[in-house]
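The values are calculated or read from the model by the stated rules, or taken from the named source; none is laboratory data. Every value quoted in this text rests on a predicted model; they were computed, and no experiment measured them. Counting neighbours? That spans all protein chains shown, and the Cβs are built from the backbone with ideal geometry, glycine included. When the accessible area is computed, the model is the full protein with side chains, heavy atoms only, and any ligands, DNA or RNA have been set aside. Shrake-Rupley method; radii C 1.70, N 1.55, O 1.52, S 1.80 Å.
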Amino acid sequence: MTKFKIGILTGGGDAPGLNAAIYGIVKTCLTRLDCEVIGYKLGYRGLYENDFVTLTDERISGILHRGGTILRNSNKDNLFNFPITDEHGNTTYQDVSSVAVENLQKEGVEILIVLGGDGTLTSARDFARKGVRVIGVPKTIDNDLASTDITFGFDTAVNIVTEALGRLHTTAESHHRVIITEVMGRNAGWIPLHAGIAGSADVILLPEFPYDIQKIVAKVKSRSEQGKHFTIIVAGEGAKPKDGDIVVSQIVKDSPDSVRLGGIAAKLAYDLTPLIDHEVRSVALGHTQRGGETSAFDRILSLRYAHHVATMIEQQQFGQMATLRNGKMCSESLEDVVGSSATGSTSKGTSKPVTPDHELVQVALGLGITFAD
Ligand code: F6P
């Protein structure tokens, strides 16, 4: 008898914990369900091109701890608006999702498990609308999805930034410098907030709280007066001055979310230099925050999501996403978690910003850390 088949794909940017989730889903499904698992390569592109690999126990051996994804990622390929170039070199955007549905049918894939962020899960919702039996798993280092307490990748990123802040302290102190560290998170400040507290930053700049540069100047000066001739600033990449705008590093035209942030630390270093006596340096940690080994916390979290996915399959919970609510794994409709608009969650207000009344904001203020807002 042929076994029923499950397909997995990873979309959007990579996040530590994706391999752990793949490992957990494959192991758990092979153990608990009598099935075969295949993985589509490069996100939705693999589904469109019917490019996949069979995920056997042997194939996933040794991937639990590794960052990245053995299936590779793409944050460009939206099959509902996919670039097709004709023989004359003209490109038009077309809905090619039916090709993907045909490929699933052709391979006998009965269930599709989609691991991704906003854009990837919006397409998952749209495939569910087309009758595909989809299960979503959220991932993002930004931890900005309102539908779930925490996403894997976030803890690893926070640990990397925290370690970097420790290293920057000793060199900043030696040179009496102000060092501004730019970290990821897009429009959410969870990474700078957590790592800034754990890494003992003096100033934390969040996208949610536009800053006043004079308050940063005041902090640097007051530290100097106390004999602390260095200052560590951690800035979320989406941070902006009260009278200014975010800094965009590039526009990735064919990406569903085309704006790539970056450059705020360098800009702030430039703006701050004439206002203080210290030398100012900037560091952008960039993709180091997504690379390397996955933290133990993220591995466990990914394996919990994987375990719940197997339960969702057993209970036939399709068109849903695995979520963590108040510490418990549960399932929620993709329509609810992503929203019903064509672009998905961001336009539905289902993202999760840092708010002034959040406990960690109060913790930071109590420690004398300033948000310069
Ligand atoms: O959403 C995850 C994230 O790492 C953001 O924090 C960052 O702004 C963005 O992706 C970077 O995207 P890319 O991998 O395209 O450079």
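To the nearest ten degrees, helix 154-175 and the longest principal axis of the Cα atoms of the chain are 20 degrees apart.
Spin-label pair D357-E225: with each label point 7 Å from Cα along the Cα-Cβ axis, the two points sit 3.4 nm from one another. Taking the C-alpha atoms only, the angle from helix 118-129 to the longest principal axis of the chain is near 20 degrees. Compared with the dominant principal axis of the Cα atoms in the chain, helix 97-107 is inclined by about 50°.
Each of C35, A146, G46 was scored by the projection of its Cα onto the charge dipole of the chain, and the greatest displacement toward the positive side belongs to C35; charges sit on the C-beta of Lys, Arg, Asp and Glu.
What are the lysines whose alpha-carbon lies under 30 Å from the alpha-carbon of K76, with same-chain residues fewer than 8 places away excluded? The qualifying lysines are K5, K27, K41, K106, K130, K139, K240, K253, K267, K348, K352. Accessible surface ranking for K3, K27, K253, 1.4 angstrom probe, highest first: K253, K3, K27. Per-peptide packing, taken as the mean over residues of other Cβ atoms within 10 Å, places 52-64, 147-159 in the sequence 147-159, 52-64 from highest down. Relative protection proxy for 262-268, 276-282, from highest mean packing down: 262-268, 276-282 (other beta-carbon atoms within 10 angstrom). Taking amide hydrogens as placed 1.01 Å from N in the peptide plane, the amide H of S333 sits under 5 Å from those of M321, each at least 5 positions away in sequence or on another chain.
In terms of its C-alpha gyration tensor, the chain has a prolate overall shape, because the principal axis ratio a/c (a ≥ b ≥ c, square roots of the eigenvalues) is not below 1.5 and a/b outweighs b/c.
Stretching the chain fully between K130 and S174 yields a gain of 9.8 nm (0.36 nm per residue, less the alpha carbon separation). Residues S340, S351, S331, ordered by accessible area of protein heavy atoms at a 1.4 angstrom probe radius and largest first, appear as S340, S351, S331. Here the Debye sum runs over all C-alpha atoms of the range 248-311 as equal scatterers in vacuum, and log10 of I(q)/I(0) at q = 0.14, 0.28, 0.30 Å⁻¹ comes out as -0.74, -1.09, -1.16. Taken about its Cα centre, the range 282-373 carries a charge dipole of about 140 debye when Lys and Arg each add +1 at the Cβ and Asp and Glu each add -1 at the Cβ. If you sort I70, I251, I232 by accessible surface, 1.4 Å probe, largest first, the order is I251, I70, I232. Mean projection of the Cα convex hull over all viewing directions, computed for the range 40-130: 7.0 nm². Shown in residue order for the range 271-280 are the 3J(HN,Hα) couplings computed by the Karplus curve 6.51 cos²θ - 1.76 cosθ + 1.60 at θ = phi - 60°: 5, 7, 3, x, 9, 9, 7, 7, 6, 10 Hz (x for Gly and Pro).
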